[in-house]
Amino acid sequence: MNRRAFITLIGGAAGWPLAPRAQQGDRMRRVGMLMPYEQDDAEARARNAAIQGVLKELGWSEGRNIEYHFRWAGNDAARLQASAAELVGLRPDVILAPSTIATEALRQATSTIPIVFVNILDPVGSGFAASLARPGGNITGFATVEPSIGGKWLELLIAIAPATKQVALVFSARSFSMAPAGPLTQTFDAAASAFPALKLMRAPVQDIAELDSVVAAYGREPGNGVIVLPEPFTSIHYQAITATVARHRLPAVYPYRFFAASGGLLSYGIDLVIQYRQAAAYVDRILRGAKPGDLPVQLPTKFELVINLKTAKALGLDVPPMLFARADEVIE
């Protein structure tokens, strides 16, 4: 049930009226989308529908003045590089890149075609933007997290499972080999200093099979917990991840609501559909002549806390009244 209405605008400097604009001209515009997901991924398709819906409201009608070119490459660097080259070869007006690895593949393929990213951890540290205010070059977009969120995830895990003594940070070794999670994991280290008895462990995994063995190892001892980082690998396999963590009876914090809806204990993060809608505003501005290097990189300002009460009860955890009061949604 909803505890508070999760209300947001199209977002920050990206928020412009959604009424149809003036005549677009005769030239058909091309928008490429390099997807680090499989084509049957329902969450990814819903997010794509959101960006197309906003662009339609802004006056871009598919088949009349805009066409979309999708490349579904999974969480695979080689497939992403090949798909990026294909999209660049089509000479689109702008390309959407919904992850760090997708943005990196496109950056290697073009330095001129505008790229709008979403779901990025560290745009400046990854080399996609010279600065948040003035990214420069052909790349801009929307970051998934703000710098202190690692500490917030840690605090939430301790709040709901106060007996936690060791926390594993789970992420894809493949994804972060291209863009280290340094700035994010540094916030975990800083937050952990407030809990002297707490031990942080990095848990990079290559695939689901390895994730199962890693989670199983942590599940053998009491006092262990898990924080799952936001990236394509964990988002693609969210159902398998939440099921594995539940099977080994580990308290865990996740980055997106769909983890909690799938049985995860607690999630705290942005609504990715809303971020895609924000990205649509940037795509629109670029199609109308704006330069991506002049559009500031946006950090998220609105986060939602979702608690799965059924999972908490299964783990024998009492949700503190403070968390109940702060929750945007409690799944019963």
Of all residues in the stretch 205-230, which are in a helix (DSSP H, G or I), open to solvent by 20 Å² or more (accessible area, probe 1.4 Å) and within 23 Å of Asn75 (Cα to Cα)? Ile208, Ala209, Glu210, Asp212, Ser213, Val214
Restricting attention to the stretch 9-28, does a residue exist that is at pLDDT 90 or above and surrounded by fewer than 19 Cβ atoms within 10 Å (Cβ to Cβ)? yes
Out of the residues in the stretch 67-81 that are free of Cβ contacts under 8 Å to residues at least 40 places away in the same chain and open to solvent by less than 50 Å² (accessible area, probe 1.4 Å), state the one that is farthest from Gln108 (Cα to Cα). Tyr68
Scope the stretch 120-164; condition open to solvent by less than 10 Å² (accessible area, probe 1.4 Å) and either in a strand (DSSP E or B) or farther than 21 Å from Thr187 by Cβ (or both); matching residues: Ile120, Pro135, Ile139, Thr140, Gly141, Phe142, Ala143
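Name the residues in the stretch 245-269 that are part of a helix (DSSP H, G or I) and surrounded by fewer than 22 Cβ atoms within 10 Å (Cβ to Cβ), would you? Don't jump to the end; show me each part of the working.
At the first step, the residues of the stretch 245-269 found to be part of a helix (DSSP H, G or I) are 245-247, 257-261.
Scanning the stretch 245-269 gives Ala246, Arg247, Phe258, Ala261.
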Just one of (1) over 18 Å from the mean Cα position of the chain (by Cα); (2) touching a residue at least 12 places away in the same chain (Cβ under 8 Å) trips up Ala290, so point out which. (2)
When you look at Arg91, is it in contact with a Phe, Trp or Tyr (Cβ under 8 Å, 6 or more places away or on another chain) and open to solvent by 30 Å² or more (accessible area, probe 1.4 Å), yes or no? no
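The values are calculated or read from the model by the stated rules, or taken from the named source; none is laboratory data. A quick note: this is a predicted structure, and the numbers were derived from the prediction, not measured. For neighbour counting, all protein chains shown are included, and Cβ atoms are generated from backbone atoms with ideal geometry for every residue, glycine included. Side chains included, ligands, DNA and RNA excluded: accessible areas come from the protein's heavy atoms. Shrake-Rupley method; radii C 1.70, N 1.55, O 1.52, S 1.80 Å.
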